[in-house]
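The values are calculated or read from the model by the stated rules, or taken from the named source; none is laboratory data. Keep in mind it's a predicted model, so treat the numbers as computed, not measured. So basically every Cβ, Gly included, is an ideal-geometry build from the backbone, and we count neighbours across all protein chains shown. Heavy atoms of the whole protein, side chains included, go into the accessibility calculation; ligands, DNA and RNA do not. Shrake-Rupley method; radii C 1.70, N 1.55, O 1.52, S 1.80 Å.
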Amino acid sequence: MEQEELKRKLMGLWEKTTHNSKEQISALFDFYFDIDLIEYKEMEGKVVSALFGIPYTFGYGKHNLKGLYLISLSSEEGYRKKGFLAELLNNFNERVKNCYDFTFLVPHTELMADYFGSQGYLSSFFILEERYTPLHDFKNDYLLSLTDSDERIRDLKKNLIDRIVVDFFESERELTKSQLVDFIQSIEKKSSSAVNLMHTTKDLEYLLHELNIRNLTSCVAIDSDGKITGVAFIHKEEMKRIKVVAYYVSDTCSYYALLDFIKRHYPDFSISVNTSEPKYQSHSLIQQTYASENPNGGDLDNTFSTVEIAFNINRLLQPLGMVRLLNFHNIIKYIAATRSDVDFKLSIRDAFIKNSDSQLQKNDDTNKSEISSKNIVYVVKNGKCELEFKEHIHSDRQILNLSAKEISELLLRKNDSSNLIMEAFGIPRLNLQMRLLPV
């Protein structure tokens, strides 16, 4: 099938099977269509089931992982429940595992999440929705955040929030989209606490161009030197609620300045903020859940320690997306390179292994092409990852022998404030985080 004909048929299928507008679908295909990242089922001359992937880099600095965001996963009515989508997913993941470390997607219903779970996808990209009433005072929150600071520093900082100018991006005519793109990319590069999705310039230019189509508005914070210090992307929802779907800030003051601006512009609206980094001393309505969630009870003051609050918040984290890990070889190497404090030996029984890897250390004449993953041991220590061949894995008690599913569940677990899993196995979380997806 010719590329343009395939593109037209895929767009037609997506129009029939999703709630996305024709304008949005057309823009997505114009920006991201890649014939090599398409998987489809054709019957009787028409495309009846399809998916395609958008490539992203995750990480920071020189260390990164490659992920594919799967969209347009759909089957035409009359061709559903025939296993076509499951077949496409398996074929696609098998085909791309040499070049990409994982694929991820965003299910929009619990039924879809259950289905993708049956296809090897696990919940990930955990977020917390912090909620605020229309009466909330964000300036006061900022002042409260300074209480642990030195008195002289606190006196210097307390008036900073009034010096930051916040406005809708469309109103700031002196700012260009390239400045906003540069700021977002600089924030994504600075974070080292998570494996962040790193937008390319092309990604961000597309997102900024399509804000109106997605009913999103952007607010920008600017300091006294005219530099961008924060940006928030908001969606006006029903029931008088403003949802902050994503934000990027260089400091705490800019965060509260953005929220204060939103509250003043929409004085009768409640505000919710999607965050992947819960603020344990936050004064959002979510604090009212702490007491009911804690088995020992507690008041809404300082009865709970930070650890107890963190425990309760982490129980409320919800998955934004789902991930299927593919290339464990690269993922384990990434963990070793970014976590010099971890120390473990791991064998993954049924994982994809690059048999030609030059790092493989073995003491016999076994041909590399004959080596299966169940004979490979990853030795991670002091920021390095070495591969060893062992004929009898089970004889070494220091080696953690897991299936691909088991190690995926360990790596993609929720944040464990008590670090029980780290203490037991020495394997850290793969703390994947994403913001601002195209759909």
Residue among Leu89, Leu73, Leu85, Leu13 that is closer than 30 Å to Thr338 by Cβ and touching a Ser or Thr at 6+ places or on another chain (Cβ under 9 Å) | Leu89
Here the residues within the range 377-398 that are modelled with pLDDT of 80 or more and either out of contact with any strand residue (DSSP E or B) (no Cβ under 7 Å at 6 or more places or on another chain) or farther than 25 Å from Asn431 by Cβ (or both) are Lys381, Asn382, Gly383, Lys384, Glu388, Phe389, Gln398
Would you check if Ser340 is modelled with pLDDT of 80 or more and open to solvent by 60 Å² or more (accessible area, probe 1.4 Å)?
-> yes
Please state which of the following conditions Lys189 fails to meet, knowing it meets all the rest: (1) among the charged types (D, E, K, R); (2) under 21 Å from Glu170 (Cα atoms); (3) open to solvent by 20 Å² or more (accessible area, probe 1.4 Å); (4) at pLDDT below 90.
-> (2)
If you go through the range 52-78 one residue at a time, how many are modelled with pLDDT under 95 and among the hydrophobic types (A, V, I, L, M, F, W, C)?
-> 3
Give the number of residues within the range 126-142 that are within 21 Å of the chain's Cα centre (by Cα) and open to solvent by less than 40 Å² (accessible area, probe 1.4 Å).
-> 4
Name the one entry in Met11, Met1 that is hydrophobic (A, V, I, L, M, F, W, C) and open to solvent by 40 Å² or more (accessible area, probe 1.4 Å).
-> Met1
Looking at (1) in contact with a Phe, Trp or Tyr (Cβ under 7 Å, 6 or more places away or on another chain); (2) in contact (Cβ under 8 Å) with a residue 60 or more places away in the chain, can you tell me which one Leu128 breaks?
-> (1)
Counting only residues that are hydroxyl-bearing (Ser, Thr, Tyr), within 19 Å of the chain's Cα centre (by Cα) and within 22 Å of Val106 (Cβ to Cβ), which one in the range 27-71 is most open to solvent (accessible area, probe 1.4 Å)?
-> Thr57
Of residues in the range 82-125 being aromatic (Phe, Trp, Tyr) and closer than 18 Å to Gly321 by Cα, the one most open to solvent (accessible area, probe 1.4 Å) | Tyr115
Considering residues of the range 377-415 that are among the β-branched types (Val, Ile, Thr) and in a strand (DSSP E or B) only, the residue farthest from Ile331 (Cα to Cα) | Ile399
For the range 67-81, name all the residues that are closer than 21 Å to Leu320 by Cβ and either assigned to a helix (DSSP H, G or I) or in contact (Cβ under 8 Å) with a residue 60 or more places away in the chain (or both).
-> Gly67, Tyr69, Ile71, Ser72, Ser74
What number of residues within the range 143-179 are within 17 Å of Ala232 (Cα to Cα) and open to solvent by less than 50 Å² (accessible area, probe 1.4 Å)?
-> 8
Of the conditions (1) touching a Cys at 6+ places or on another chain (Cβ under 6 Å); (2) among the hydrophobic types (A, V, I, L, M, F, W, C); (3) more than 27 Å from Leu432 (Cβ to Cβ), Leu258 clears all except one; give me its number.
-> (3)
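Listed here are the residues, each with its yes/no results for (1) closer than 30 Å to Ser272 by Cα; (2) acidic (Asp, Glu).
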{"residue": "Ala86", "(1), (2)": "no, no"}
{"residue": "Asn90", "(1), (2)": "no, no"}
{"residue": "Asp101", "(1), (2)": "no, yes"}
{"residue": "Ala113", "(1), (2)": "yes, no"}
{"residue": "Gly117", "(1), (2)": "yes, no"}
{"residue": "Phe125", "(1), (2)": "yes, no"}
Failed condition for Lys22, given (1) open to solvent by less than 10 Å² (accessible area, probe 1.4 Å); (2) in contact with a helix residue (DSSP H, G or I) (Cβ under 8 Å, 6 or more places away or on another chain), with all others met?
-> (1)
Looking for whichever is within 25 Å of Pro55 (Cα to Cα), in contact (Cβ under 8 Å) with a residue 24 or more places away in the chain and open to solvent by less than 50 Å² (accessible area, probe 1.4 Å) here; the options are Ala257, Ala221, Ala246. Which one fits?
-> Ala246
Just need a number here: residues in the range 418-439 that are without any contact (Cβ under 8 Å) to a residue 12 or more places away in the chain, among the aliphatic types (A, V, I, L, M) and assigned to a loop (DSSP other than H, G, I, E, B).
-> 0
